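S.K.: Would you mind keeping the following structure in view while I ask a few things?
The values are calculated or read from the model by the stated rules, or taken from the named source; none is laboratory data. This one's a predicted model, so the numbers in the text were calculated from it and none came from an experiment. Neighbour counts are summed over all protein chains in view; Cβ atoms, including those assigned to glycine, are modelled from backbone coordinates with ideal geometry. Accessible surface is based on the protein model in full, side chains and every heavy atom, while ligands, DNA and RNA are left aside. Shrake-Rupley method; radii C 1.70, N 1.55, O 1.52, S 1.80 Å.
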Amino acid sequence: TSDSLSLMDTLKEYAKKEPGGFWRLKPIVTQRETQHAQMISLLADIGSGLGFATWIGLKEQATVVKGAAGSTVPLNNWCNPKKLTITGLTQEQFDEAKNMDLLWYKDGKISALFEVENTTAMTEALRRASCLPYPVNKYMVLPDERAEQLTKKLKSPMFGEWFEHDGWQVLYYDCLEDNAVALKSH
């Protein structure tokens, strides 16, 4: 069936079949998993430098990034202020906003949201962000190797139209990392 074909394609994207019928995650998946938190902290630093308050999604707040001298720092350190202070949302919208990977906001209004998608469904990011009642800059942040998967998804009428209608933009991990110093200084 098409569902099992899709599942097999996804499995092949993230894992390699080993002898005996077992599957092993590709090394890039493990590497990118640690980069997920790094991308969020990098984007939070940039937002803070631009004068925005920053909020890290509740699920991500306990995740750690490597700090100086091998220390680890939880992502909730990048929540500034420590309490999300967004106005003009219903309780349901506010609950969704609290779980978005990263928000930049000012004067109680969200200016930009970032969904950093390592291996999760891109469609979920679109669903979460669709609850906001006003225009917001929306960014999907992806590992470079997911570009082809995004291209395929954009051909799907539901995903492609929704993506375009909501004005999503795409940022790639390697480009963000390669330009981190310049981005932080601007």
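S.K.: Look through segment 52-76, keep the residues that are more than 19 Å from E117 (Cα to Cα) and modelled with pLDDT of 95 or more, and return whichever of them is surrounded by the most Cβ atoms within 10 Å (Cβ to Cβ).
M.R.: This residue is A53.
S.K.: Could you check, for segment 125-136, whether at least one of its residues is assigned to a helix (DSSP H, G or I), at pLDDT 95 or above and buried (at least 17 other Cβ atoms within 10 Å of the Cβ)?
M.R.: No, because not a single residue in segment 125-136 is assigned to a helix (DSSP H, G or I), at pLDDT 95 or above and buried (at least 17 other Cβ atoms within 10 Å of the Cβ).
S.K.: Still on this structure, I have one more. Report yes if some residue within segment 109-122 is open to solvent by 10 Å² or more (accessible area, probe 1.4 Å), in contact with a Phe, Trp or Tyr (Cβ under 9 Å, 6 or more places away or on another chain) and either of a type in the set (K, R) or modelled with pLDDT of 90 or more (or both); otherwise report no.
M.R.: Yes, segment 109-122 contains a residue that is open to solvent by 10 Å² or more (accessible area, probe 1.4 Å), in contact with a Phe, Trp or Tyr (Cβ under 9 Å, 6 or more places away or on another chain) and either of a type in the set (K, R) or modelled with pLDDT of 90 or more (or both).
S.K.: Tally the residues that are farther than 19 Å from I40 by Cβ and open to solvent by less than 70 Å² (accessible area, probe 1.4 Å), restricting the search to segment 155-181.
M.R.: Residues flagged as farther than 19 Å from I40 by Cβ and open to solvent by less than 70 Å² (accessible area, probe 1.4 Å) within segment 155-181 amount to 7.
S.K.: Right, A97: in contact with a strand residue (DSSP E or B) (Cβ under 7 Å, 6 or more places away or on another chain), open to solvent by less than 40 Å² (accessible area, probe 1.4 Å), under 22 Å from V64 (Cα atoms) and among the small types (G, A, S) or not?
M.R.: yes
S.K.: Would you point out the residue of segment 53-92, among those that are of a type in the set (G, A, S), farther than 21 Å from A129 by Cα and in a loop (DSSP other than H, G, I, E, B), that is farthest from the chain's Cα centre (by Cα)?
M.R.: S71
S.K.: Go through segment 137-154 residue by residue and tally those that are open to solvent by 40 Å² or more (accessible area, probe 1.4 Å), assigned to a strand (DSSP E or B) and not aromatic (F, W, Y).
M.R.: Here the count works out to 1.
S.K.: Something else: Go through D107, D144, D166, D174 for me and flag whichever is in contact with a Leu (Cβ under 9 Å, 6 or more places away or on another chain) and either under 21 Å from Q61 (Cα atoms) or not aliphatic (A, V, I, L, M) (or both).
M.R.: The unique qualifying residue is D166.
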